[in-house]
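The values are calculated or read from the model by the stated rules, or taken from the named source; none is laboratory data. These numbers come from a predicted model, not from an experiment. Glycine also receives a Cβ, built like all others from the backbone with ideal geometry; neighbour counts cover every protein chain displayed.
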Amino acid sequence: MKKNFFLIVLSFILLISLTGCENSSIGIDDYYFVIGLGLDEAENDYIKLSIQIPSNPKNSSSDASSSQSSSYEIYSVEARTIEEAINILDNYLNKQINLSHCSAIVISESLAKKGIDQYINSLNNNVELRYNCQTIISSSTAYDLLEKVSNSGEAFSARLFDYLKNTTNYTGYTIESSIGTFAHDIDSKFCEATAIYTKVNNDIIQTAGIAVFKDQYLVGNLDVLESIAHLMVTNKLNKCFLTMDSIFIENGKIDFDTKLYKKTNTYINMINGSPFIKINVFPEISILNSGTDFDYNSSYNVEKVTHAVNKYYERIIKNYLYKISKDYNSDIDCFQGLYQSTFLTKEDFSKINWDKNFQNSFFEVNVTSRIYSSNLFNKE
Amino acid sequence: MDNHYQIGKVEAIFIIVILSTSKLIANFSFYFVNTVGSGVIVNFIYIGIIDFAFMILLIYLQQKFQNSDIIDISEQVGGKLLKILCGLVCITVLILSAFITLKDFSSIIQKVYFSNFSIIYILMFFILAVLVANFVGFKSLARINLLIVPFVIMAILATFFSIIAKINNKSLTPVFGDSYYKTFITGLSNVFMISNLSYVLFLKPLLKNESDYKKICIISYIISWICILLVLIVTELLFNSTPSKEPSNSVFLLVRSVNFGSFIERIDSLFILLCVICIFSYLSFVVFLINRIFKKLFNITDEKMISYIACTFLFSLCLFPISLSALYYLENYVYRYMIILFSFAFEFSILIIGNFKKRIRKEKT
């Protein structure tokens, strides 16, 4: 009897104390859930932190189709560090800022060029932030990008950030860049960091390739074709569409989509102190449109197209490789990691002086594409 | 209290696995990879072979001591004085291991989930659970542990497969690490990582069937070795390729980065819950072993009283304010060399002297 009584009392105590209601001052209404966080440079080595938070729907009854439908507001503050800025916003907004639903960290190009290690470390240490929150570099200011989200036609900006990331799966125009992997790569010993690069044109946000980092500094960006080349070299290409000049008709075009039918092979040798990097790429092509003069039944024609596609890809990939090595000196494809795996100890590898010599790399690219299907039901 | 319960083969294996893998919850995995860098796999195979050879030797040396743990053997070797000395050394090792694990983990829990609460409540939560578990008895402990260990193994596998898919595995090369010297000479101090040797010597009197002892030691060793290796690999992948970053708790950061697609993400709280249960089990066994040693040393019959003392002592120790740098020193240096000395010098010297004495006695008769 005594034991049962004790258990009942204990259950009540546990029910009350473990529900989190004992401290009524902190509830879900007491938080502002940030969707996007922007970082810009400000005067006197300050940073401008902007947060995008959803506000109440203007007319909830008319837009009941989506629980996520909302408008949003942007608040900005200038401070010396991220923590200080969040603290000021906490005080100003009278609600606690919570980053657990943050979908994107937007950093302006100008700030990224000055180095962002301390900001990324600060964000990465925040336990609220999701590991797969996307890192986006904006060609204009971060505030501008957050503001333009309202013109994107998306009712909920988190969706837009997801779309920016997802485009890599069907266009290959950019990459997925979670804060976790970005923070890892920015300090990595053998691989440089990359992030989604966006441009704001005529009030519209669009992905415009990949932002390339050297250590913690942004050194440049790759355009969409180079982004596809990057995905091919790193074996991350899911699918992409390209258009090239027709080999059959003057001013004609051939549209095709590409996948990789085999993993890209990379071989590295040192020749006279410079890395010689040989890359074999294996794209699978499906022609989508090629004009009326192309006879798919002729193996000769197919061979000609295959050859043209091979040359086209070789040119794109070579341009990309020389750009990252000569112009940016940034090993975003982790060639160092690949080459160091052929050594037994780091002591041996350090004699190569990779960091200094990567800029002198020269490349051989071999593309072996195969036209798997025309993908057409009717000839045009 | 049913502390005369004798465990079967599976229960014994799982007890050793939980005792040796629980230390992964503290920051030991990072200290391990920090010593050898990318040579983590080679070094772990190397120390694995050394540890395994020592364990086989230990099983061989213990063969002549039927139904005896290290305390009984020390009594046979050097009388009551050595028995007390050995007992106190064992208690020190167990208390320090429990202190480091509990202090480290409760600090993380406080930092991440209960930043507004005093650490005293979190410690009390653990200590009370351990106390209750020891009151309920060894049988319940062993049985509950049977449920926990499969989940621990599953969690380790999930962490491994999630992280290996995301992070470039080139940080595991060059396979011999920074240099041969670092991997094979400096890295020798990493033998502390597989601490099965520290616990198996308490196991014999607890077994239902003593003939299973060898099998239990080997199987538990292999399971622990695999589990620790998987955690070490992902720790190396996630942290050691970034020289400027040193995690204060690598396991939390590891589990934080676990996600499977965009559907299953932020499952760190689930993993932390598992860690909490794992720590409960680990601390309960440690307190149980302390009880047994005390009982043997001073012929105390009331085990409840020893549980109270052990738990209160552990609780008070954890309340002692200790800085992060002091905890780092304790984990990376004190604990490392203490386990090496205890497992490879102290225990073995007792066993070797014991065997030597037995042989002399046999020759005399």
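Things worth noting here:
- Among the residues of the stretch B:63-113, those that are within 30 Å of residue B:276 (Cα to Cα), away from chain A (no Cβ under 14 Å) and aromatic (Phe, Trp, Tyr) comprise B:99, B:105.
- Residues being within 14 Å of chain B (Cβ to nearest Cβ) and either loosely packed, with under 15 Cβ neighbours inside 10 Å or part of a helix (DSSP H, G or I) (or both) - total across the stretch A:84-114: 2
- Exactly one residue out of B:254, B:206, B:238 is hydrophobic (A, V, I, L, M, F, W, C) and more than 12 Å from chain A (Cβ to nearest Cβ), and it is B:206.
- Residue A:121 meets each of the listed conditions (1) farther than 25 Å from residue A:337 by Cβ; (2) at pLDDT 85 or above apart from (1).
- Enumeration of residues in the stretch B:318-347 that are under 19 Å from the mean Cα position of the chain (by Cα) and of a type in the set (A, V, I, L, M, F, W, C): B:318, B:327, B:330, B:334, B:338, B:339, B:340, B:341, B:342, B:344, B:345, B:346
- Residues (among the acidic types (Asp, Glu) and at pLDDT below 70) located in the stretch A:20-66: A:22, A:63
- Test for residue B:287: is it at negative phi, among the aliphatic types (A, V, I, L, M) and within 14 Å of chain A (Cβ to nearest Cβ): no
- Inspection of the stretch A:194-206 identifies at least one residue that is within 14 Å of chain B (Cβ to nearest Cβ) and either of a type in the set (Phe, Trp, Tyr) or in contact (Cβ under 8 Å) with a residue 60 or more places away in the chain (or both).
- The residues of the stretch B:28-43 that are surrounded by fewer than 24 Cβ atoms within 10 Å (Cβ to Cβ) and not aliphatic (A, V, I, L, M), listed by number, are B:31, B:34, B:35.
- Residue B:198 away from every other protein chain (no Cβ under 13 Å), part of a helix (DSSP H, G or I), small (Gly, Ala, Ser) and within 23 Å of residue B:337 (Cβ to Cβ): yes
- Residue B:130 being surrounded by fewer than 22 Cβ atoms within 10 Å (Cβ to Cβ), in contact (Cβ under 8 Å) with a residue 12 or more places away in the chain and either assigned to a helix (DSSP H, G or I) or at negative phi (or both): no
- Verdict on residue B:175 being within 14 Å of chain A (Cβ to nearest Cβ), among the hydrophobic types (A, V, I, L, M, F, W, C) and assigned to a loop (DSSP other than H, G, I, E, B): yes
- Test: residue in the stretch A:146-165 that is closer than 29 Å to residue A:322 by Cα, not assigned by TED's automatic domain parsing to the domain that holds residue A:338 and not in a helix (DSSP H, G or I): no
- Unmet requirement for residue B:211, which otherwise passes all of (1) without any contact (Cβ under 8 Å) to a residue 60 or more places away in the chain; (2) within 14 Å of chain A (Cβ to nearest Cβ); (3) among the small types (Gly, Ala, Ser): (2)
- Count of the stretch A:266-282 residues, restricted to those that are small (Gly, Ala, Ser) and outside any loop (DSSP other than H, G, I, E, B), is 1.
Here is a yes/no grid of residues against (1) within 13 Å of chain A (Cβ to nearest Cβ); (2) at positive phi; (3) in contact with a Leu (Cβ under 6 Å, 6 or more places away or on another chain):
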position: B:137; (1), (2), (3): no, yes, no
position: B:145; (1), (2), (3): no, no, no
position: B:152; (1), (2), (3): no, no, no
position: B:168; (1), (2), (3): yes, no, no
position: B:179; (1), (2), (3): yes, no, no
position: B:189; (1), (2), (3): no, no, no
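- Matching residues in the stretch A:124-138 - criterion: being more than 9 Å from every other protein chain (Cβ to nearest Cβ), of a type outside the set (S, T, N, Q) and either under 10 Å from residue A:103 (Cα atoms) or over 13 Å from the mean Cα position of the chain (by Cα) (or both): A:128, A:129, A:133
- In the stretch A:330-354, the residues that are small (Gly, Ala, Ser) and either more than 7 Å from chain B (Cβ to nearest Cβ) or touching a Cys at 6+ places or on another chain (Cβ under 7 Å) (or both): A:330, A:337, A:350
Table: residues versus (1) modelled with pLDDT of 85 or more; (2) out of contact with any strand residue (DSSP E or B) (no Cβ under 7 Å at 6 or more places or on another chain).
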{"position": "A:262", "(1), (2)": "yes, no"}
{"position": "A:268", "(1), (2)": "yes, no"}
{"position": "A:278", "(1), (2)": "yes, no"}
{"position": "A:290", "(1), (2)": "no, no"}
{"position": "A:296", "(1), (2)": "no, yes"}
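- Some residue of the stretch B:147-156 being aliphatic (A, V, I, L, M), surrounded by fewer than 19 Cβ atoms within 10 Å (Cβ to Cβ) and out of contact with any helix residue (DSSP H, G or I) (no Cβ under 7 Å at 6 or more places or on another chain): yes
- Restricting B:308, B:337, B:333 to those that are over 25 Å from residue B:121 (Cβ atoms), touching a helix residue (DSSP H, G or I) at 6+ places or on another chain (Cβ under 8 Å) and not β-branched (Val, Ile, Thr) reduces the list to B:337.
- Any chance residue A:155 is modelled with pLDDT of 85 or more, over 12 Å from the mean Cα position of the chain (by Cα) and away from chain B (no Cβ under 14 Å): no
- Matching helices (runs of 4 or more DSSP H) fully within the stretch B:257-365 where at least 1 residues are modelled with pLDDT under 85: B:268-298, B:303-319, B:324-329, B:347-364
- Verdict on residue A:259 being in a strand (DSSP E or B), outside the structural domain of residue A:165 (by TED's automatic domain parsing) and not acidic (Asp, Glu): yes
- Pair list, Cβ < 7 Å and 6+ apart or interchain, from the stretch A:175-186 residues that are assigned by TED's automatic domain parsing to the domain that holds residue A:237 to residues that are part of a helix (DSSP H, G or I) and at pLDDT below 85: none
- Residue within the stretch A:261-270 that is buried (at least 17 other Cβ atoms within 10 Å of the Cβ) and in contact with a Gly (Cβ under 8 Å, 6 or more places away or on another chain) present: no
- Residue A:306 touching a Lys or Arg at 6+ places or on another chain (Cβ under 8 Å), surrounded by fewer than 19 Cβ atoms within 10 Å (Cβ to Cβ) and over 21 Å from residue A:214 (Cα atoms): yes
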